[in-house]
Ligand code: GLP
């Protein structure tokens, strides 16, 4: 595991963007796994800038996102589809049909989840997966549990996650309590993983996950079993 301690949020974001850009230069039809949350916002800004400056070409890149709230329409301002369009996809030269975010309105969620995994498999898996980490150690919405869940599935959000994510909603009641999340198999089968964790609030859970026991009670701890993980931490938050 390669752990980078950045001096600032800006440096964390620029370092992450270099890693993504190199990946795309080496493989123009890269399959990128993408994350939401505040952690990757600086990365997405840096990628948009690189694209505008002609330093990176997304025309052949395919993306798959980790998760989406159940019940939120793609145009809901708190949906992860809306987040991705606004913060990245609308700012780069990627075609919308090359970007996938789980469908929060899928009527048959079980069938949707199976199809999502099949789609990822049909692309040959993920080349580079970007991850953040939740306050309880979740990745995507793989929440602390008695076991790891391999497949894409509907997850019940931990009360601490609902609390943490309520900052984006008018009230806690409006935060969806379930979400579709990529499971551990697709994440762990990614060829490379890039975990970004800015802010002192992430420090304790991050180091527990990276250096403590491997346990589904701290979902990110499973990353210790992956052969190519880069972690970038900065004391400074976004
Ligand atoms: C959400 C997302 C995660 C993300 C986490 C951390 O719960 N589902 O993928 O990593 O938030 O968010 P932040 O980066 O805002 O701390």
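The values are calculated or read from the model by the stated rules, or taken from the named source; none is laboratory data. Remember, predicted model here, so these are calculated numbers, not experimental data. Backbone-built Cβ (ideal geometry, glycine too); neighbour counts: all protein chains shown.
Quick one: which residue in 117, 103, 85 is within 16 Å of the chain's Cα centre (by Cα), touching a residue at least 24 places away in the same chain (Cβ under 8 Å) and part of a helix (DSSP H, G or I)?
Values: 103 fails: part of a helix (DSSP H, G or I); 85 fails: touching a residue at least 24 places away in the same chain (Cβ under 8 Å).
Answer to the check: 117.
Does the stretch 124-136 contain at least one residue that is within 28 Å of residue 12 (Cβ to Cβ), touching a residue at least 12 places away in the same chain (Cβ under 8 Å), away from the ligand (no atom under 12 Å from the Cβ) and surrounded by fewer than 18 Cβ atoms within 10 Å (Cβ to Cβ)? Step through it out loud before you land on a result.
The initial filter retains those residues of the stretch 124-136 that are within 28 Å of residue 12 (Cβ to Cβ), namely 125-136.
Those left that are additionally touching a residue at least 12 places away in the same chain (Cβ under 8 Å): 125-136.
Among the residues that remain, those that are also away from the ligand (no atom under 12 Å from the Cβ) are: 125-128.
Subset that is surrounded by fewer than 18 Cβ atoms within 10 Å (Cβ to Cβ): 125.
Within the stretch 124-136 (the criterion being within 28 Å of residue 12 (Cβ to Cβ), touching a residue at least 12 places away in the same chain (Cβ under 8 Å), away from the ligand (no atom under 12 Å from the Cβ) and surrounded by fewer than 18 Cβ atoms within 10 Å (Cβ to Cβ)), the answer is yes, since at least one residue qualifies.
Listed here are the residues, each with its yes/no results for (1) surrounded by 18 or more Cβ atoms within 10 Å (Cβ to Cβ); (2) more than 10 Å from the ligand (Cβ to nearest atom); (3) at pLDDT 95 or above.
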{"residue": "150", "(1), (2), (3)": "no, yes, yes"}
{"residue": "161", "(1), (2), (3)": "yes, no, no"}
{"residue": "170", "(1), (2), (3)": "no, yes, no"}
{"residue": "176", "(1), (2), (3)": "yes, yes, yes"}
{"residue": "182", "(1), (2), (3)": "yes, no, yes"}
{"residue": "186", "(1), (2), (3)": "yes, yes, yes"}
{"residue": "193", "(1), (2), (3)": "yes, yes, yes"}
{"residue": "196", "(1), (2), (3)": "yes, no, yes"}
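Does the stretch 106-119 contain at least one residue that is within 12 Å of the ligand (Cβ to nearest atom), surrounded by 15 or more Cβ atoms within 10 Å (Cβ to Cβ) and at pLDDT 95 or above? Before the answer, list the steps.
Taking the stretch 106-119 as the starting set, the residues that turn out to be within 12 Å of the ligand (Cβ to nearest atom) are none.
Within the stretch 106-119, none of the residues are within 12 Å of the ligand (Cβ to nearest atom), surrounded by 15 or more Cβ atoms within 10 Å (Cβ to Cβ) and at pLDDT 95 or above.
What are the residues in the stretch 35-56 that are surrounded by fewer than 16 Cβ atoms within 10 Å (Cβ to Cβ), assigned to a loop (DSSP other than H, G, I, E, B) and more than 16 Å from the ligand (Cβ to nearest atom), if any? First the steps, then the outcome.
The initial filter retains those residues of the stretch 35-56 that are surrounded by fewer than 16 Cβ atoms within 10 Å (Cβ to Cβ), namely 38, 49, 52-55.
Filter again for assigned to a loop (DSSP other than H, G, I, E, B), leaving 38, 53-55.
Scanning the stretch 35-56 gives 53, 54, 55.
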Subset of the stretch 61-75 (residues that are assigned to a loop (DSSP other than H, G, I, E, B) and either at pLDDT below 95 or over 20 Å from residue 155 (Cα atoms) (or both)): 61, 75
Failed item in (1) under 26 Å from residue 175 (Cβ atoms); (2) assigned to a helix (DSSP H, G or I); (3) away from the ligand (no atom under 16 Å from the Cβ), with residue 23 passing the rest: (1)
Filter result for residue 32 (within 22 Å of residue 101 (Cα to Cα), within 16 Å of the ligand (Cβ to nearest atom), part of a strand (DSSP E or B) and at pLDDT 95 or above): yes
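It is to be established whether one or more residues within the stretch 221-229 are more than 23 Å from residue 16 (Cα to Cα) and either free of Cβ contacts under 8 Å to residues at least 24 places away in the same chain or in contact with a helix residue (DSSP H, G or I) (Cβ under 7 Å, 6 or more places away or on another chain) (or both).
We begin by selecting, within the stretch 221-229, every residue more than 23 Å from residue 16 (Cα to Cα); these are none.
No, the stretch 221-229 contains no residue that is more than 23 Å from residue 16 (Cα to Cα) and either free of Cβ contacts under 8 Å to residues at least 24 places away in the same chain or in contact with a helix residue (DSSP H, G or I) (Cβ under 7 Å, 6 or more places away or on another chain) (or both).
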